[in-house]
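All remarks here apply to the structure that follows.
The values are calculated or read from the model by the stated rules, or taken from the named source; none is laboratory data. In this text the structure is predicted, and so the values were computed from the model without any measurement. For neighbour counting, all protein chains shown are included, and Cβ atoms are generated from backbone atoms with ideal geometry for every residue, glycine included. For the accessible areas, the whole protein counts, side chains as well, though only heavy atoms, and no ligand, DNA or RNA atoms are used. Shrake-Rupley method; radii C 1.70, N 1.55, O 1.52, S 1.80 Å.
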Amino acid sequence: LIYDSFAQYLVTEKGYDKDLLNLTPESLDFCCKGLVFDLEDGNFLKLAEDGTVLRASHGTKSMTSEEILETYGRREWKHFSAVSGMLSRSAKHYLYDNYFDLPGALLSARIVDSLDQHDKQKKYDFWKDMVAAIQHNYKISAFKENSGTYFPEVKNDPDKYLQRCPESVKKWLKQLKNAGKILLLITSSHSDYCRLLCEHILGHDFEEFFDIVITNALKPGFFSHTPNQRPFRTLENDEEQEALLSLEKPGWYSQGNAIHLYELLKKMTGKLDPKVVYFGDSMHSDIFPARHYSNWETVFILEELLGDKVMVPAETESEPLEKKGKYEGHLPKIPCSVSEQWGSFFVDSLPGLGNAEETLVNTWSCKCISEYSTIAIPSLEAIADLPLDYRFTRFSSNNSATAGYYPSPPRALLSHEESVPMK
């Protein structure tokens, strides 16, 4: 659906090749988190932790080791230092790090293929159109106006796109609240879409799970911007109202900043430095900024931890048979399964020079996990049944690089650790 929402706009509004609308399930294998798109060259890169290019493709077509050497040499990608410190996006590159973005990677790669086919280009200039497609489909008014492809479709058939929250997770949220924890929901989605999702996933009483709900949070800016740059706003009928000078009480707010939120948490807990544990699934929007700017504990929800096990959805008795098979036809693979084109999210091999053997190295994505997450888990369900005082082993400089994965590290990483002699 996300792919279609971008492609429809580009074809109908910007005159791109109609062939972009035809999507084969196999082509989704191209989608792999952690890729960096070099906007000017039309190349997608998978980077090692030191910025060396491990794999690359021009458009959808994989580059050979020789082509990579010719283009990038045996050295770090030229923009790596700019990206690695800030996990930033810029006019020169875009980092694909969550499932919501990923279909745009496949579409961009196919646009490069299409432009090459029609006239060989050295520099590509279509990114502004991709941004326009995103704005058209996901602007704050699109849900209410029923515009674009995405929101009308989700509203029309939420069951097709949304999985309901497991009972174990609801129970866990209630336990946390009963134990005196303050529960926050912080999302960059606008309030109307957030309500649709939460009602469908958690139930009509979803607001009872949370003390504070913040929508249109515009992360990562929520963490990096100062209060006067991004004040909180109240909402009336999903319309944002006046800016607030500070946050006085729990409730539902829009936009905002982590500094004012933390002041409210101090007031609510009566503590000078209340501990915040923040759960998120985007390194760029959630984990890095929450750790870097706010120094919160971070739990990275990383579905790739499921990817090296074959996942079979549990059959539920209540589902009629015809519903079980409803989407099997066009679900070629779960997003977190390992991409054949790009390989493991965690490690990859670096070809040796001359006759030297290839070496296994950690990816840049993998390094970010141990650097900015307190722990990484495959889903909330994985921890929901644990006692609330369960002590997790954290990622830290004096633990091994696999310490913070719960319930277990990815197999690719374990086999790599075993093959690397400890210093």
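Values for this structure:
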read-out: Those residues of the range 97-125 which are touching a Ser or Thr at 6+ places or on another chain (Cβ under 9 Å) and without any contact (Cβ under 8 Å) to a residue 60 or more places away in the chain, in sequence order; value: Asp101, Asp113
read-out: When residues of the range 258-273 are limited to those that are free of Cβ contacts under 8 Å to residues at least 24 places away in the same chain and under 21 Å from Arg230 (Cβ atoms), the one most open to solvent (accessible area, probe 1.4 Å); value: Lys267
read-out: Residue list for the range 171-185, filter: closer than 19 Å to Tyr253 by Cβ and either assigned by the TED database to the domain that holds Tyr138 or touching a residue at least 40 places away in the same chain (Cβ under 8 Å) (or both); value: Ile182, Leu184
read-out: Residue in the range 321-337 that is out of contact with any Pro (no Cβ under 9 Å at 6 or more places or on another chain), within 30 Å of Arg75 (Cβ to Cβ), outside any strand (DSSP E or B) and modelled with pLDDT of 75 or more present; value: no
read-out: Number of positions in the range 1-38 that are farther than 30 Å from Phe346 by Cβ, without any contact (Cβ under 8 Å) to a residue 40 or more places away in the chain and either part of a loop (DSSP other than H, G, I, E, B) or open to solvent by less than 30 Å² (accessible area, probe 1.4 Å) (or both); value: 3
read-out: Checking Ala91 against (1) among the aliphatic types (A, V, I, L, M); (2) over 21 Å from Ala48 (Cβ atoms); (3) surrounded by 13 or more Cβ atoms within 10 Å (Cβ to Cβ), the condition it does not meet; value: (3)
read-out: Test: residue in the range 225-233 that is in a helix (DSSP H, G or I), touching a Leu at 6+ places or on another chain (Cβ under 6 Å) and either acidic (Asp, Glu) or in contact (Cβ under 8 Å) with a residue 12 or more places away in the chain (or both); value: no
read-out: Evaluation of Ser84 against (1) modelled with pLDDT of 95 or more; (2) assigned to a helix (DSSP H, G or I); (3) open to solvent by less than 50 Å² (accessible area, probe 1.4 Å) (one fails), failing number; value: (1)
read-out: Scope the range 282-305; condition closer than 17 Å to Ile214 by Cβ, surrounded by fewer than 20 Cβ atoms within 10 Å (Cβ to Cβ) and within 18 Å of the chain's Cα centre (by Cα); matching residues; value: none
read-out: Flag if Lys219 is basic (Lys, Arg) and loosely packed, with under 15 Cβ neighbours inside 10 Å; value: no
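Let's see how each residue does on (1) farther than 16 Å from Ile140 by Cα; (2) loosely packed, with under 14 Cβ neighbours inside 10 Å; (3) among the hydroxyl-bearing types (Ser, Thr, Tyr):
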{"residue": "Tyr193", "(1), (2), (3)": "no, no, yes"}
{"residue": "Glu199", "(1), (2), (3)": "yes, no, no"}
{"residue": "Phe210", "(1), (2), (3)": "yes, no, no"}
{"residue": "Ile214", "(1), (2), (3)": "no, no, no"}
{"residue": "Gln229", "(1), (2), (3)": "yes, yes, no"}
{"residue": "Gln241", "(1), (2), (3)": "no, yes, no"}
{"residue": "Ser246", "(1), (2), (3)": "yes, yes, yes"}
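Okay, residues lined up against (1) β-branched (Val, Ile, Thr); (2) within 22 Å of Ala258 (Cα to Cα):
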{"position": "Tyr161", "(1), (2)": "no, no"}
{"position": "Pro166", "(1), (2)": "no, no"}
{"position": "Lys170", "(1), (2)": "no, no"}
{"position": "Ala179", "(1), (2)": "no, no"}
{"position": "Leu185", "(1), (2)": "no, yes"}
{"position": "His200", "(1), (2)": "no, no"}
{"position": "Gly203", "(1), (2)": "no, no"}
{"position": "Phe210", "(1), (2)": "no, yes"}
{"position": "Ile214", "(1), (2)": "yes, yes"}
